[in-house]
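**Q** Let me begin by handing over the structure; questions about it come next.
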Amino acid sequence: MKKTILLLSFVASFMTIIPQAQAQKNTAFAITGLSQGTLDWEVLREINLNDGSLIRNIYLPASQKPSHVDAATGKALNIPATPDQSVANNCNCSQALSAASAYDAKQNRLYFINLFGSELQYIDLNQRELKIYHVKNQKVRQFIPQAGEADNITRMAFASDGYGYALTNNGNHLIRFTTGKNIHITDLGSLKDGQDNSDISVHTQASSWGGDMVADNGGSLYLFTTGGYVFKINLENMVADYKGTIKFLPSPYSVNAAAVDKDGQVVVSSSLDANNYYRVNMSTLEASPVQQSDKKVFNASDFANGNFLDCGNTHYLPQPAPIVQENKDVKKAIEVYPNPVMDKLVRVYFNNIPQGKSVIMVTEAGGKKIATANVIVSAKGQYQTIQLPTTITRGIYVVRVVNADKSVFTWSVW
């Protein structure tokens with residue numbers, strides 16, 4: 001789900017309308033210490049994945065005392081907090097976030113679970129006042145946890161199906177939850193090792209525990225464990241296929257946080273190392289430092305953002321049907337994003353086409369017109385925003401641009 005993907009071929013144009021999607025950003029929410037290199041995990045920040053720099057502080061425990069609210073009823077909860085009391089015990093958002101967090105782009109909420117707890121909580125980032133919402137009517141761990149850390153939930157992510165997912169260390173419980181006001185939590189059960197995993201199991205401590213999860217735009221999750229092992233999780237059959245181990249990380253470097261950047265690569269952080277983040281090429285699993293200076297980064301115990309990996313699998317994409325011949329330089333001429341659509345808004349950018357009137361048409365796959373826009377192109381870089389009807393649902397829609405010189409620009413957009 002990159003910002004814009006244009007196919008330079010003679011094909012129909014398809015656009016997937018997915019409610020929770022947004023344009024890929026190069027940022028992530030990070031659970032960090034009070035300062036670079038510390039291990040207290042008490043601060044929620046938004047950081048730049050390109051160089052690890054700070055964008056903004058969202059929660060600083062020294063200056064903010066958030067209120068606590070029942071997510072279902074909206075009623076205030078009386079959760080005391082004292083300066084010397086562990087936030088892991090009083091359910092505040094700092095150390096409670098150090099275990100696992102996931103960002104819901106549709107609702108603009110950051111969900112999290114306490115390291116030793118069974119309660120799903122979230123922060124509504126649309127609100128100016130910082131509040132912690134608690135899901136009280138259902139537990140995340142709907143089972144009796146065994147002693148130790150095997151059943152601790154340490155990985156979370158939102159998948160492209162719109163659900164949030166959480167995973168225990170031992171891989172025995174993949175837990176799905178809905179968003180909105182009436183949150184429903186379901187324990188889907190245990191993951192299964194892929195047939196080619198050999199002695200690398202998603203259930204053993206050495207290869208499976210800790211780390212983080214990200215998702216692709218084809219319905220799969222990717223587990224990055226503390227030891228740098230990578231598993232692809234098929235949500236339909238619950239199979240975790242071992243894909244390999246991250247190469248070229250410095251030693252020692254634990255992998256504790258992972259997020260997809262705007263270019264579709266995964267950026268990882270160590271909770272113990274503030275020297276650098278590393279960008280992982282998903283084709284080769286080779287890691288490279290995100291910045292070459294000696295400037296420190298915020299070592300993070302968890303990342304979360306709304307980006308998806310591009311699965312690159314045509315099984316998930318509609319097969320385009322040939323139509324009129326188009327300009328082979330379409331990528332240079334016109335761009336369209338976000339993709340998939342966020343808030344039912346589409347922008348068409350005119351980069352290099354003749355000036356004059358252009359017509360933009362959005363139709364259903366069967367040909368029914370649902371939106372049109374006329375625009376007079378007068379300058380390079382000009383764009384037109386199209387508001388899609390509020391009644392449309394998730395599905396495949398055709399986008400076509402007819403230019404002033406009667407050229408027809410079409411592309412497949414995912």
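**Q** Output the residue which, of all residues in the range 209-219 that are of a type outside the set (Phe, Trp, Tyr) and surrounded by fewer than 24 Cβ atoms within 10 Å (Cβ to Cβ), is nearest to the chain's Cα centre (by Cα).
**A** Asp216
**Q** Can you tell me how many residues within the range 1-48 are modelled with pLDDT under 50, among the hydrophobic types (A, V, I, L, M, F, W, C), farther than 19 Å from Leu110 by Cβ and in a loop (DSSP other than H, G, I, E, B)?
**A** Total satisfying the criteria: 9.
**Q** Could you tell me which numbered condition Gly148 fails, if it satisfies all but one of (1) in a loop (DSSP other than H, G, I, E, B); (2) at pLDDT 95 or above?
**A** (2)
**Q** To continue, here is another question. Within the group Ser118, Ser101, which residue is modelled with pLDDT of 90 or more and among the small types (Gly, Ala, Ser)?
**A** Selected residue: Ser101, the only one of Ser118, Ser101 that is modelled with pLDDT of 90 or more and among the small types (Gly, Ala, Ser).
**Q** Restricting to the range 105-140, and then to whatever is in a loop (DSSP other than H, G, I, E, B) and polar (S, T, N, Q), can you tell me which residue is surrounded by the most Cβ atoms within 10 Å (Cβ to Cβ)?
**A** Going through the qualifying residues, I end up with Asn114.
**Q** If Ile79 passes every condition in (1) surrounded by 17 or more Cβ atoms within 10 Å (Cβ to Cβ); (2) in contact with a strand residue (DSSP E or B) (Cβ under 7 Å, 6 or more places away or on another chain); (3) in a loop (DSSP other than H, G, I, E, B); (4) at pLDDT below 90 but one, which one does it miss?
**A** The one condition Ile79 does not meet is (1).
**Q** Also, I was wondering about something else. For residues that are in contact (Cβ under 8 Å) with a residue 12 or more places away in the chain and not in a loop (DSSP other than H, G, I, E, B), tally how many sit in the range 166-201.
**A** Selection size over the range 166-201: 11.
**Q** Hey, among the residues in the range 329-371 that are farther than 23 Å from Asn217 by Cβ and charged (D, E, K, R), which one's modelled with the lowest pLDDT?
**A** The qualifying residue modelled with the lowest pLDDT is Asp329.
**Q** Do any strands (runs of 3 or more DSSP E) entirely within the range 243-305 hold 3 or more residues that are more than 16 Å from the chain's Cα centre (by Cα) and over 22 Å from Gly218 (Cβ atoms), and if so, which?
**A** Passing ranges, in order: 286-289.
**Q** Ok, one more. So which residues in the range 141-161 are surrounded by fewer than 16 Cβ atoms within 10 Å (Cβ to Cβ) and either of a type in the set (Val, Ile, Thr) or under 21 Å from Ser271 (Cα atoms) (or both), if there are any at all?
**A** Ile144, Gly148, listed by residue number.
The values are calculated or read from the model by the stated rules, or taken from the named source; none is laboratory data. Note that this is a predicted model, so its numbers are computed, not measured. Neighbour counts run over all protein chains shown; Cβ positions are idealised from the backbone, glycine included.
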